[in-house]
Amino acid sequence: MEIFGVPTQALFGQLLIGLINGSFYALLSLGLAVIFGLLNIINFTHGAQYMMGAFCAYFLFTKLGIGYWWALATAPLAVGLVGMIIERLMLARLYKLDHLYGLLLTFGLALIIQGLFRNEYGTSGIPYAMPQELSGGRNLGFMFLPNYRAWVIVASIVMCLATWFVIERTQLGSYLRAATENPALVQAFGINVPRMITLTYGFGVALAAFAGVMAAPIYQVNPLMGADLIIVVFAVVVIGGMGSIMGSIVTGFALGLIEGLTKVFYPEASNTVIFIIMAIVLMIKPAGLFGTQR
Amino acid sequence: MFSKRSLFAAVSLAFAASHAQAQISDGIVKIGVLSDMSSLYSDIAGSGSTVAARMAVEDFGAARKGMKVEILSADHLNKPDVGSSIARQWYDVDKVDVIVDVPTSSIALAINQITREKGRAFLVSGAATSDLTGKACSPNTIHWTYDTWMLANGTGNAIVKTGGDTWYFITADYAFGLALERDTEAVVLKNGGKVLGKVRHPLNAQDFSSFLLQAQASKAKIVGLANAGGDTTNAIKQAAEFGIVKGGQSLAGMLVFISDIHGLGLDKAQGLIFTETFYWDLNDQTRAFAKRFAAANSGKYPTMVQAGVYSTITHYLKAVEAGKTDDGTKVIAKMKELPTDDPLFGKGTVRADGRKLHPAYLVEVKKPSESKGPYDYYKIRATIPADQAFRPMSEGGCPLVK
């Protein structure tokens, strides 16, 4: 059977691949959405923090002999900590100002961080080995699915849903959301709002680093890996609706699928299709698919 | 989305020369190294090309000879519009006499045109498209290090002749990838092989799984990677993940550099076969150069592009000295007239269509067990003599030699 000249089997394969890429989009846009939704900061350092996650895994392995699984747990903590320091020392001073200042600061930081890594490690990238347990793959009949990619999908979905649950369904999440609406009032109830904001930023950054560790065995660990991805991820966030948690998860996966299909039917457009969709969505629903006008 | 301004790092060499040189414009030979300083090709060329340029000027002994030489460098960000505007500014405002390197074929083709309009000189090391000495050839341009025809001829021939007769191309969707695919396809067909399909990906694509899956489905024996730099390394790495090689298909990296192998690691890269025109471990002179170069380039060994920058500037300065002028058109003519000789590429010539001739090497990447350490990566499988390595002038369609 064929659809538009493409065998259905091949199509299934491509859809699955799209889902894998969508997993990364979802993880990264989720972090951005958390940070924007709760801090009103457009975190352009996100790509650099994703890259730092991958490098952190590489350092843990080469300097300390710590393997993939521990890196998956510790690298996000380490990078998240660096994020919290950045928030305390720099971002905290900008909350009263226009969004643009936060954007400029984080964009500048991203350029500096990427520049430093590039000077040190060049752009050819560094190899990072796949964990033994997940190497190899299985034949699904319509495609060969590497085990690691299957793991990426599962881990990403679990992580995304857990984050959504914490923010939308728990008491902690309700504090966070309340602090966004009216920080003074929440503070009056005895909750340390600045600390909560710092931790939230740290968490958003840790999500980026988590995605970075996940990406390390697939792509070369490369100082520019985040720079290439961040623009696409921003488009995902804009399409989903700035700050909408569920919006960013659903759009992340959906756009991965659409991009996957483009790679089959018109590969030349595969890096522009997301921006075309963004333009269309902005024309019809300026707040994004899942966003609400504030 | 955001405009990064190109960064200028002016390196001034050779200071006071006591006498003015009448034929040298404003008394200074200005060399502009225009390269990808920050993105996927910056390890292939980038700041290493500037290091090579500086070494060439030092080794030529410009200061000793009383010749003032200045090196500028800039980042073209792999964008033809950025590259063109830097070139125009260099020629019009900064009085640059010669532009060197320029990886990314689309930009090189644009600067080829601008250089011709302005009557300056353009020495290409980083760009690959064979059109620079074909239909786009110019009396102001020399294409030095390698080109797509040479890669296709070296690697394509070797692979088809050892049984790799059905191909699927994964091609970078711009001037370079298309030229490389075209030239390789011609070699495959000429040798009785078949091309089963091709897919074009955007420059600097991170994820190749989709394209690899299409290549896998084609059942072609050879998956030809008509791309370079980060695109090639990511494709090779992900091909291993999807079991392309285990499934009986072979990868042919049509353009691979030593920096790519270093980045991939030998366990992923072993067994790859491709063509280069320079390897640091060829003889005592290349080894000595590589050691000096690495010391100045944070430990990274020279790629053929960087070696080519050294070689082409050496010959350029010789021609300026011999012709006593830095007028672009005249120097290029002089460069074609003089035989070339340098420690890296040995003796050679520059053809009337602007093609520099030297031997090419078909190399195979060593197994991890065969390598003595970092950068000990290649076994030379065959040497293709200079007169066979490049496209015959009669087949290029260069209007200058018709």
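The values are calculated or read from the model by the stated rules, or taken from the named source; none is laboratory data. Small disclaimer: the values here were computed from a predicted structure and weren't measured. Glycine also receives a Cβ, built like all others from the backbone with ideal geometry; neighbour counts cover every protein chain displayed.
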*Residues being within 24 Å of A:G137 (Cα to Cα) and within 12 Å of chain A (Cβ to nearest Cβ): count how many of those fall in region B:246-262.*
3
*Can you work out which of the residues in region B:30-59 that are out of contact with any Pro (no Cβ under 7 Å at 6 or more places or on another chain) and at pLDDT below 95 is nearest to B:I261 (Cα to Cα)?*
B:D43
_Those residues of region B:274-329 which are without any contact (Cβ under 8 Å) to a residue 40 or more places away in the chain and of a type in the set (D, E), in sequence order_ = B:D284
*Within region B:231-267, restricting attention to residues that are of a type in the set (S, T, N, Q) and either within 14 Å of B:Y168 (Cβ to Cβ) or free of Cβ contacts under 8 Å to residues at least 60 places away in the same chain (or both), which residue is surrounded by the fewest Cβ atoms within 10 Å (Cβ to Cβ)?*
B:S250
*For A:Q49, indicate whether it is surrounded by 14 or more Cβ atoms within 10 Å (Cβ to Cβ) and touching a helix residue (DSSP H, G or I) at 6+ places or on another chain (Cβ under 7 Å).*
yes
*Inspect region A:199-214 for any residue being surrounded by fewer than 20 Cβ atoms within 10 Å (Cβ to Cβ), touching a residue at least 12 places away in the same chain (Cβ under 8 Å) and within 21 Å of A:L94 (Cβ to Cβ) and give the result as yes or no.*
yes
*Check off (1) surrounded by fewer than 19 Cβ atoms within 10 Å (Cβ to Cβ); (2) polar (S, T, N, Q); (3) assigned to a loop (DSSP other than H, G, I, E, B) for B:Q113 and give me the number that stays unchecked.*
(3)
*Inspect all residues belonging to region B:276-284 and state whether any of them is part of a loop (DSSP other than H, G, I, E, B), within 12 Å of another protein chain (Cβ to nearest Cβ), of a type in the set (D, E, K, R) and more than 14 Å from B:A45 (Cα to Cα).*
no
_Filter region B:189-243 down to the residues that are facing chain A (nearest Cβ under 9 Å) and assigned to a strand (DSSP E or B) and list them by number._
B:V199, B:R200, B:H201
*Could you please find all residues in region B:312-340 being within 16 Å of B:I71 (Cβ to Cβ) and among the hydroxyl-bearing types (S, T, Y)?*
B:T312, B:T314, B:Y316
*Here are some residues: A:A129, A:A110, A:A78. Which one is within 14 Å of chain B (Cβ to nearest Cβ) and surrounded by 17 or more Cβ atoms within 10 Å (Cβ to Cβ)?*
A:A110
*Looking at this structure, is B:P359 surrounded by fewer than 24 Cβ atoms within 10 Å (Cβ to Cβ), in contact with a Pro (Cβ under 6 Å, 6 or more places away or on another chain) and modelled with pLDDT of 95 or more?*
yes
*Of the residues B:I142, B:I159, which single one is among the β-branched types (V, I, T) and assigned to a helix (DSSP H, G or I)?*
B:I159
_Just to be sure I understand, how many residues within region B:149-165 are out of contact with any Phe, Trp or Tyr (no Cβ under 7 Å at 6 or more places or on another chain), in contact (Cβ under 8 Å) with a residue 24 or more places away in the chain and among the β-branched types (V, I, T)?_
2
*strands (runs of 3 or more DSSP E) wholly inside region B:345-402 containing at least 2 residues that are within 14 Å of B:Q270 (Cα to Cα)*: B:360-365, B:378-384
*Can we say A:A254 is of a type in the set (A, V, I, L, M, F, W, C), closer than 24 Å to B:F208 by Cβ, over 10 Å from the mean Cα position of the chain (by Cα) and crowded, with 24+ Cβ neighbours inside 10 Å?*
no
_Filter result (touching a strand residue (DSSP E or B) at 6+ places or on another chain (Cβ under 9 Å) and outside any helix (DSSP H, G or I)) within region B:247-259_ = B:G247, B:Q249, B:S250, B:L251, B:A252, B:G253, B:M254, B:L255, B:V256, B:F257
*Name the single residue, out of those in region A:231-251 being within 14 Å of another protein chain (Cβ to nearest Cβ) and of a type outside the set (F, W, Y), that is nearest to the chain's Cα centre (by Cα).*
A:V233
*Within the group A:L145, A:L140, A:L100, A:L94, which residue is more than 20 Å from the chain's Cα centre (by Cα), more than 10 Å from every other protein chain (Cβ to nearest Cβ), at pLDDT below 90 and surrounded by 16 or more Cβ atoms within 10 Å (Cβ to Cβ)?*
A:L94
*Which of (1) among the aromatic types (F, W, Y); (2) out of contact with any Asp or Glu (no Cβ under 9 Å at 6 or more places or on another chain); (3) under 30 Å from A:F12 (Cβ atoms) does B:F278 not meet, given it meets every other one?*
(3)
*Can you tell me which residues in region B:176-188 are within 14 Å of another protein chain (Cβ to nearest Cβ) and among the aliphatic types (A, V, I, L, M)?*
B:L178
*Among the listed residues A:V166, A:V193, A:V154, A:V158, which satisfies the condition of being buried (at least 18 other Cβ atoms within 10 Å of the Cβ) and away from every other protein chain (no Cβ under 13 Å)?*
A:V193
_Some residue of region A:208-230 being in a helix (DSSP H, G or I), over 18 Å from A:M84 (Cβ atoms), within 14 Å of chain B (Cβ to nearest Cβ) and of a type in the set (D, E)_ = yes
*asked:* I'm trying to understand the selection: among the residues of region B:121-139, which are buried (at least 24 other Cβ atoms within 10 Å of the Cβ) and either of a type in the set (S, T, N, Q) or more than 23 Å from B:L338 (Cα to Cα) (or both)?
replied: B:S125, B:A127, B:A128, B:T129, B:S130, B:D131, B:T133
*Across region A:66-85, what is the number of residues that are in contact (Cβ under 8 Å) with a residue 60 or more places away in the chain, closer than 18 Å to A:T200 by Cα and of a type outside the set (G, A, S)?*
6
